[in-house]
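The values are calculated or read from the model by the stated rules, or taken from the named source; none is laboratory data. Source: prediction; values computed, not measured. Using ideal geometry, Cβ is built from the backbone for each residue, glycine included, and neighbour counts are taken over all protein chains shown.
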Amino acid sequence: MTDKTLVIALKDLSIRTRDRRSAVILLAMPMALIFILGLVFTPLWSGTAEIQRIPIVVVDQDRGEIARLFIEQILATGEIGRLLRIDRAGEASAARTLVMRGRRVAGLIIPEGFSQAVMTGRPTRLTLYTDPAQSIRAGIVQSIVTRFAAEIAKRQIAVTVAAETLIVERVMTPDQVAAAIPDWLRDVEEFIDHQAVAIAEERGAGPRFAPAINYYAIAMGVMYILFGVSIASQGILVERREGTLARLRTTPTTAGDIIGGKLLATFLTGFTQLSLLVVFTRAFYGVRWGSPLLLAVMISATALAAAGLGTLIAALARSPESAEALAPAVILPMSFLGGSMWPIYAMPPWLDTASRLSFNRWALDGFLAIMDGATTAAAIAQPVAILLGMGVVCLAIGTWRLRFQ
Amino acid sequence: MSAVHKAAAIALLSLAITIRDRGALLWRLVMPLVMTVLVGSAFGGAAGAARLPVAVGDDDDSSYSRLFVDRLRTERAIQLVETTVTDAQARLDRRRVAAAVLIPKGFASRINMGKDTDVSVRFDPRRGPQTLVTEIVRETAMRLSIDSIAGEFAAALAVRQSADPSMAPGLRRRAIERADGHWSPTPPITVTAEPVTAFAADRRRLPTGMEQSSPGFAVMFVMMAAVFSAAALVVERQNGTLARLLTTPTSRAAILGGKIAGVYLQGLVQMAILVGVGQAVLDVNWGQSPVGLALLVGAYLLAATGLGIMLAAVVRTEAQAATLVPVVTIIPAMLGGTFWPIEVAPSYMRALAYAVPQGWAMTGFVNIITRGFGWQGVLPQAAALAGFGAAFFLAGIWLFRFE
């Protein structure tokens, strides 16, 4: 690297840092998006979204004892009360309308004869109107209602099964059983709350769950560094059109110096942008990024790969305008594939495989590893190596295709 | 030529220019369609949500343990991998799945012996607890717990009656089996979900990911293109071509009217193509209510064009416009639920969706596509969008300067 390279790079960089437009696009915009995505997804990912109670409406057409018990005792209990917000409607048609308009996620209809059926042991059903436009939450409601409906049936099942078993096994005669059932209905209470199969909800091995805002700090940072370097490399095209590149060549400066300087400036733009995003998200959103040393390595590798990609886009475009149109057309789909918009670990397997072709995926992998508490270089060796490879290949093709005039 | 003719000529000219512009083609049609297909097919499960990858490790392989596997398999929102406990755990550790349901060996025999047992639901710490999975597992666990209560109760009664404790184990096991028979083929209480829509019975169908992504990206990119092309007025003002047009015998109203109509027409053509492709190729039910669709699209484009004119009135340079377009279009698009189904967002974010035109447009389109509403069902949304449009236009035209 010669002094000239450095001078060209620093000149480009100083022009760029004074550009307020770039500051908005490259820093304020990702900061705003990280904030919104964090607000939207942090509750969802941390499992607290469902704890914001899901609104459902209940219609009691049965008006019997069991229905009253179900609504007043079971649905109103603490556990379910944390999951659902329940109100009542008089008519099924009213509930239907509320659900159809999306005002309630589901409508539970307790049909006429429900209590009678449960008490006599006949199978019966509850109808749950659901809004297809809110099917995720409707699925949760269905599961909850099914579980608690089983609660109502359990006394009846226990007594029926005991009666059947004792008769079949000839422990008691049918007459003895019939006489004993009123007592059994009382005796069963002692058994009824026992939970033989418990659910242990556990956190898997590995680092603690990170709020969505941490993920999107990385994801948006990685996406916007691509915009950053592509704007930076478009500068080369502007200079080419205005003839300043050609004019520079008339001075005793080699093509290598010029290209080297421009590339260095592009790299430094990306490096600065990402570093600032790290600092800002740490300061404003409390995002903990992890080991500063590894972070510096990762930011460098990411900036280099991004600079390569930016240069390649610039080299393939004919004018600054076409580069400006082409860049997002490459960046947005690649960012989606690579996990910058929706988390990689929420993707179906084919997409997970496809994401390995994208720049974003490897950058995300590396930063996530560091955020998860990696302290050794080995943890980020693979992403860094792949990013450097991508960067070098893109830069090679880019500089080969780039024209000065 | 009358002012109206001149305005129409200006509008048609701008439409003709756009149609020939390859960059515009890329931004207005290729990008939204690519994103629609990518996002829609990735999240093809329940109404655009990601199908959740879940592994169930069943080392017991008994009729009781298989109840969990079968129940999980029926859930559309879940993509289930059936495997062993070790493998399920390994998949979770490698982040291949969001949750692992682990059923240990000896599960069924512990139940039969009247002993307590448990099923673990492990979740990826990075993704947090998975309520849907836990609830489904709880549902089956409840069934088995009730079976066990019945078995325990029957055994206790038998021992009390015969004073012979040795008969309890066998009797308990048989009573549990008998109790479990009460759940199939029909459980004592079945909860049937019935999606409520305005569709006729034969047109009802399960929602797909495209039903979210097709309107979503149309809403986002139509707004972006309209605002961007209205903002091009800034360039004309900067270059002085707007002022130059004024030296011709053309009124200000005709020029501005023509420019606005041009932006509106471009948006209309763009939307028509996106809707057409959505309907014909992606099988999205856009055509449910042509009148409702026309009302919504017409009103949404008013809002989009209005926002563009307002932006063109407020900013001075092309660079400012280029900076602000993404800010005023992408952020409201996210808030309005164009990227993800708005139901996944917490309630305060769902409320914010009503503050942006995109939120109203999405509700309106979802009402037609997924809920099967007719035109009456989208009047509130169309009216709200027209309201946004009127407010933007008033502000925009009042502030607009030709030089």
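A compact table of results
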read-out: Verdict on B:ALA312 being more than 9 Å from chain A (Cβ to nearest Cβ) and at pLDDT below 85; value: no
read-out: Any chance A:ILE344 is more than 16 Å from A:ILE225 (Cα to Cα), crowded, with 19+ Cβ neighbours inside 10 Å, at pLDDT below 85 and assigned by TED's automatic domain parsing to the domain that holds A:ILE218; value: yes
read-out: Matching entry among B:ALA200, B:ALA163, B:ALA168, B:ALA156 (being under 33 Å from the mean Cα position of the chain (by Cα) and more than 7 Å from chain A (Cβ to nearest Cβ)); value: B:ALA200
read-out: Some residue of the stretch A:174-187 being of a type outside the set (Phe, Trp, Tyr) and at the interface with chain B (Cβ under 7 Å from one of its Cβ atoms); value: no
read-out: Every residue from the stretch B:326-348 that is facing chain A (nearest Cβ under 10 Å), of a type in the set (A, V, I, L, M) and either in a helix (DSSP H, G or I) or in contact with a Ser or Thr (Cβ under 9 Å, 6 or more places away or on another chain) (or both); value: B:VAL327, B:ILE330, B:ILE331, B:MET334, B:LEU335, B:ILE342, B:VAL344
read-out: Selected residue (only one of B:VAL121, B:VAL97 is touching a Pro at 6+ places or on another chain (Cβ under 9 Å), farther than 30 Å from A:THR165 by Cα and at the interface with another protein chain (Cβ under 8 Å from one of its Cβ atoms)); value: B:VAL121
read-out: Members of the stretch B:111-141 found to be of a type in the set (A, V, I, L, M, F, W, C), within 32 Å of the chain's Cα centre (by Cα) and assigned to a helix (DSSP H, G or I), listed by number; value: B:LEU132, B:VAL133, B:ILE136, B:VAL137, B:ALA141
read-out: Top-ranked residue in the stretch A:105-153 [being over 20 Å from A:ARG82 (Cα atoms) and among the acidic types (Asp, Glu); ranked as nearest to the other protein chains (Cβ to nearest Cβ)]; value: A:ASP131
read-out: From A:ILE86, A:ILE56, residue being more than 10 Å from chain B (Cβ to nearest Cβ), more than 16 Å from A:LYS154 (Cβ to Cβ), part of a strand (DSSP E or B) and touching a residue at least 60 places away in the same chain (Cβ under 8 Å); value: A:ILE56
read-out: Residue within the stretch B:163-171 that is part of a strand (DSSP E or B) and surrounded by fewer than 18 Cβ atoms within 10 Å (Cβ to Cβ) present; value: no
read-out: Some residue of the stretch B:129-138 being closer than 16 Å to B:ASP60 by Cβ and at the interface with chain A (Cβ under 7 Å from one of its Cβ atoms); value: yes
read-out: Selection count, the stretch B:387-403, where residues are of a type in the set (Gly, Ala, Ser) and surrounded by fewer than 18 Cβ atoms within 10 Å (Cβ to Cβ); value: 4
read-out: Listing of helices (runs of 4 or more DSSP H) fully contained in the stretch B:13-110 that carry 3 or more residues being in the same structural domain as B:VAL263 (by TED's automatic domain parsing), surrounded by fewer than 19 Cβ atoms within 10 Å (Cβ to Cβ) and at pLDDT 85 or above; value: none
read-out: Condition check for A:ALA323: modelled with pLDDT under 90, of a type in the set (A, V, I, L, M), in contact with a Gly (Cβ under 8 Å, 6 or more places away or on another chain) and farther than 30 Å from B:VAL54 by Cα; value: no
read-out: Checking A:VAL238 against (1) within 22 Å of A:SER22 (Cβ to Cβ); (2) crowded, with 18+ Cβ neighbours inside 10 Å; (3) over 36 Å from the mean Cα position of the chain (by Cα), the condition it does not meet; value: (2)
read-out: Flag for B:ALA321 being more than 11 Å from every other protein chain (Cβ to nearest Cβ) and either assigned to a helix (DSSP H, G or I) or closer than 17 Å to A:LEU39 by Cβ (or both); value: no
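Here is a yes/no grid of residues against (1) more than 20 Å from the chain's Cα centre (by Cα); (2) under 21 Å from B:GLN358 (Cα atoms); (3) free of Cβ contacts under 8 Å to residues at least 40 places away in the same chain:
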{"position": "B:ILE255", "(1), (2), (3)": "yes, no, no"}
{"position": "B:GLY262", "(1), (2), (3)": "yes, no, no"}
{"position": "B:ILE273", "(1), (2), (3)": "yes, yes, no"}
{"position": "B:VAL277", "(1), (2), (3)": "no, yes, no"}
{"position": "B:ILE309", "(1), (2), (3)": "yes, yes, no"}
{"position": "B:ALA312", "(1), (2), (3)": "yes, yes, no"}
